[in-house]
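The structure under discussion appears below in the form of structure tokens.
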Amino acid sequence: MKKYSPFLVFLFGSFLAQAQNPEIPSSVENVETKVDSVLNLMTLEEKIGQLVQYNGSWDLTGPASDMDNKQKEENLKRGMVGSMLNVLSVEATTEAQKLVMENSRLKIPLIFGYDVIHGYKTMFPVPIGETASWDLEAMEESARIAALESAAHGVNWTFAPMIDISRDARWGRIMEGSGEDPFLTSKVAVAKIKGYQGNDLASPTTIAATAKHFAGYGFAEAGRDYNTIHVGENELHNTILPPFKAAADAGVATFMNSFNDIDGTPATGHKILQRDILKGDWNWNGFIVSDWGSIIEMVDHGFARDKKHAAEIALNAGSDMDMEGGAYEASLLELVEEGKVSEEKINDAVKRVLRVKFKLGLFEDPYKYSNPDLLAQIPFQEHQETARDIARKSIVLLKNENNILPIKSSVKNIAVIGPLADDKDTPIGNWRAQGEANSAVSLLEGIKNTVGSGVKVTHAKGAALGMGERSFLAPLEINTTDRSGFADAVKKAGNADLVIMALGEDAFQSGEGRSQVNIGLAGLQQELLEEIYAVNKNIVLVLQNGRPLEISWAAENIPGIVEAWQLGSESGNAIADVLFGKYNPSGKLPVSFPRAVGQEPLYYNQKNTGRPFSPNSVTYSAYTDEKKDALYPFGFGLSYTDFEYGDLQLSSSKMTPDASIKVSFQLTNSGDVEGKEVVQLYLRDLVASTTRPVKELKGFQLITLAPGETKKVTFEISEEMLQFYNAERKWDSEAGEFHVLIGGNSRDLKKSSFTLNK
Ligand code: NOJ
């Protein structure tokens, strides 16, 4: 295969050494020198070419540019394109790379991007579900596997992880992130980036990651996708930006900006966010790709007059690459000639793109990711086993009245009822990359794989959930009329010892563009559940969904509730492992489940308000028709055993900036099976120069205990953990009293306090 000669890189160009950012991991040496060398060879047109990204002709996620494929091919040959997305096989990536390597003047390799969100072929739980495992090693591992499978198909850049904090279950993309908490999301961000990028981007088994969407996208007003964001500076810095800062510090290779307007400025044209904060204050030197067409969408925002004006704003604001928008390729040359965009800024953007390409090792071998030998070595079977393990770790037990679970050996007749009971597609979820349709182990299959011949398993769908075409772009049609399957379901349920109800959301009910004003059980599901309940109250409800659902009736009436998200390829086996006690559930919610949709946005780390409670009147911050707290709070999840938390012991009740303190307690497994507890540490800053949340997650540990075992658990609290973006616009701690709160969820907590002296 033809390679780009590194000789050329050294022959020309200035040898001006620049500080190399040690944080984007790569074994390639002298990257900065090489980047400068290549830049010096480039014409302005070739530079602009590096900032252009084309779509392959499938998997469109928005209106495609009007350029035909022939023209795209010509531009690739001329070296006028830096990247492509959605080119998805060894053959296709090789083909596209050849166009560039065999025809263009400088032979600068393409970088191939794709949305590898929760697996490439082997599917893992959707991110909101996987986060419920709180298991950072597991999350790193699934990213490593996804990277390996992608890389072997020629993809060397994923548009993940999505680390938008979201507190609104109406927003369909809540499934794609890690929920409502900035601390947990930051930890997940780092784990995912490590998984995708490894220690060396130049390895043919690792790929570049993307921190997205910068910034604020998860705060869409009213939960409506692409809608405007209203956040103040305080919330931006304390809640939205921390995961992005963690990603930048972890050496993520790229960022993606976002579609939304944030307080009057579209994120894509936001200079303060991109140039001042990310590239300035945080000193991050990867590149920013726009979201799909988000540059040109600034015209619709009413922020740019036309395509050319949009390109000017975006480039000047620090948006480096134009994803399938056509604005940069159409206008940047003229804009530089007219002096509206400086060549210096273009150079900076191009250097960023080249830097990542060098770090990926593409200049040494542009075809290293399109390697059929690597593909032949992928241990897909092993990946399935890992997928099953991560899936069961992600399951959250929400209710277990009278220990209906795990299912007892006395249960001899199980009816598996509901639209998702034998659905092999929904567990694959949205953003499924190359995960095959209908390829998951269904719940029914998982149950049948697990029970012995002595247990009778019957099945009835009851009602379809979604009807018509299922795909990323097709609107979802929910069945609200066809009850023809009810009678059979009711009959089978009536004859069973135990009913497993499989309800929730269709695979494409959450995800991009899937905002909803109702988040209850869609279609006829609630009605079906109540009819089954009328004939058999022995029900375990298994939910499969990508967002928190409103399930107050079920929470009141159904004895067993299992949150099983969309768990990926091994879904049914993983759920059966939990239902039959082969695996003791340990997942905890990364997002609050509401009592009613009207509570949204709902999150545990709220502010206290000036009127948190009043015993004698209605004039305090609450609802008159519903409680104000969550049905199931952030951090909540049951186990088949019980954990008892001892009182908190502090190593000192006073802290100074240079000396951390320790908080310890005894954790006991008081039940009779082994179990794993996610122990959570929260802090509250009682008085500060800006109002502070009533509690904030600041640490967690996964502790496994044998029955009857007690372990001392210790957290160290440092001054850094007390810092926040304060009234002086600085990250700092402030002297005063703090509460330290520890428990197995964000609601039921042991409390102590200490003072910070400064
Ligand atoms: C639009 C989405 O917002 C973004 O997350 C995704 O990476 C791009 N489309 C590319 O598919």
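Things to note:
- Protein accessible area in the chain, 1.4 Å probe - carbon and sulfur %: 48
- Global form of the range 382-599, assessed from the alpha-carbon gyration tensor, a/c cut-off 1.5: rounded
- Estimated inter-spin distance, H230 and S664, nm [label 7 Å along Cα→Cβ]: 5.0
- Cβ-Cβ FRET estimate between I272 and A222, R0 fixed at 25 Å, reported to 0.05: 0.50
- Kirkwood estimate for the range 201-269, i.e. one over the average of 1/r between Cα atoms, Å: 13.0
- Spatial separation of Cα centroids for the range 67-90 and the range 661-694, in angstrom: 52
- Within the range 643-756, percent of DSSP bridges classed antiparallel, to nearest 5: 95
- Anisotropy class of the range 643-756 from Cα gyration tensor, a/c 1.5 cut: prolate
- Estimated inter-spin distance, L375 and T609, nm [label 7 Å along Cα→Cβ]: 5.8
- Rounded, prolate or oblate (a/c below 1.5 giving rounded, otherwise prolate when a/b exceeds b/c) for the range 418-467 by Cα gyration tensor: oblate
- Of all DSSP beta bridges confined to the range 382-599, the antiparallel ones make up roughly 25%.
- Among 690-698, 171-179, 118-126, the peptide with the highest mean count of other Cβ atoms within 10 Å heads the list, and the full ranking is 118-126, 171-179, 690-698.
- For the range 368-378, putting each phi into the Karplus relation 6.51 cos²θ - 1.76 cosθ + 1.60 with θ = phi - 60° gives couplings of 4, 8, 10, 10, x, 5, 4, 4, 5, 8, 5 Hz, in residue order, rounded to whole numbers and with x for Gly and Pro.
- Dividing the convex hull volume of the alpha carbon atoms of the chain by its residue count gives 165 Å³ per residue.
- What the phi angles of the range 666-682 give under the Karplus curve with 6.51, -1.76 and 1.60, with θ = phi - 60°, is a coupling list of 9, 10, 10, 8, 9, x, 10, 10, 5, x, 10, 10, 8, 7, 10, 10, 10 Hz, glycine and proline written as x.
- Accessible surface computed residue by residue for the chain, with neighbouring protein chains in place and a 1.4 Å probe, gives 36 Å² per residue.
- Here the sum of -39500 (n - 2.57) over DSSP H runs of 4 or more residues, divided by the residues of the chain, equals -7500 deg cm²/dmol at 222 nm, to the nearest 500.
- Links that overshoot a 18 Å alpha carbon limit, given the list K279/K345; K628/K695; K491/K582; K72/K98; K192/K212; K582/K711: K491/K582; K582/K711
- Considering only the chain, percent of DSSP beta bridges that pair antiparallel, nearest 5: 55
- Of the residues H301, H383, the one with the largest accessible area comes first in the ranking H301, H383, computed with a 1.4 Å probe on protein heavy atoms.
- Ranked by the mean number of other Cβ atoms within 10 Å of their residues, highest first, the peptides 552-561, 83-92, 257-266, 569-578 come out as 569-578, 257-266, 83-92, 552-561.
- Under 20 Å from the T755 label point (7 Å along Cα→beta-carbon), backbone N, the range 642-673: 649-663
- Per-residue extension of 0.36 nm, minus the Cα-Cα distance of V299 and Q526, leaves a gain of 77.4 nm for this segment.
- For the range 692-703, Karplus couplings with θ = phi - 60° (6.51, -1.76, 1.60), whole Hz, Gly/Pro x: 10, x, 5, 6, 9, 5, 10, x, 7, 9, 9, 10
- If R0 is taken as 41 Å, the Cβ-Cβ distance between L650 and D488 corresponds to a FRET efficiency of 0.10.
- Stretch gain in nm, segment A437-A474, where the contour uses 0.36 nm per residue and the Cα spacing is subtracted: 11.8 nm
- Take the Cα radius of gyration of the range 387-442 and divide it by 2.2 N^0.38 Å, N being the number of residues; the result is 1.43.
- Net charge of neighbours whose Cβ lies under 12 Å from the Cβ of T668, counting Lys and Arg as +1 and Asp and Glu as -1: -2
- Distance from the range 450-515 to the range 143-171 (C-alpha centre basis), Å: 28
- Residues in the range 270-288 that a label on D263 would reach, taking backbone N under 17 Å of a point 7 Å out along Cα→Cβ: 270-278, 281
- Estimated FRET transfer efficiency when R0 is 25 angstrom, pair R105-E334 (beta carbons, to 0.05): 0.70
- Stretching the chain fully between E556 and E23 yields a gain of 186.9 nm (0.36 nm per residue, less the alpha carbon separation).
- Net +/- balance of residues flanking R470 in space, Cβ distance below 9 Å, scoring K and R +1, D and E -1: -3
- Counting charges near V455 (Lys, Arg +1; Asp, Glu -1) among other residues having Cβ under 12 Å from its Cβ returns a value of +3.
- Mean Cβ neighbour count within 10 Å, used as a protection proxy, ranking 396-407, 746-757 highest first: 396-407, 746-757
- Near L420, the amide H atoms lying under 5 Å from its own belong to A502; only residues 5 or more places off or on other chains count, and H is placed 1.01 Å from N.
The values are calculated or read from the model by the stated rules, or taken from the named source; none is laboratory data. None of the values given here were measured: they were computed from a predicted structure. Virtual Cβ from ideal backbone geometry, glycine too; neighbours counted across all protein chains shown. These accessible areas exclude ligands, DNA and RNA; they are computed on the full protein's heavy atoms, side chains included. Shrake-Rupley method; radii C 1.70, N 1.55, O 1.52, S 1.80 Å.
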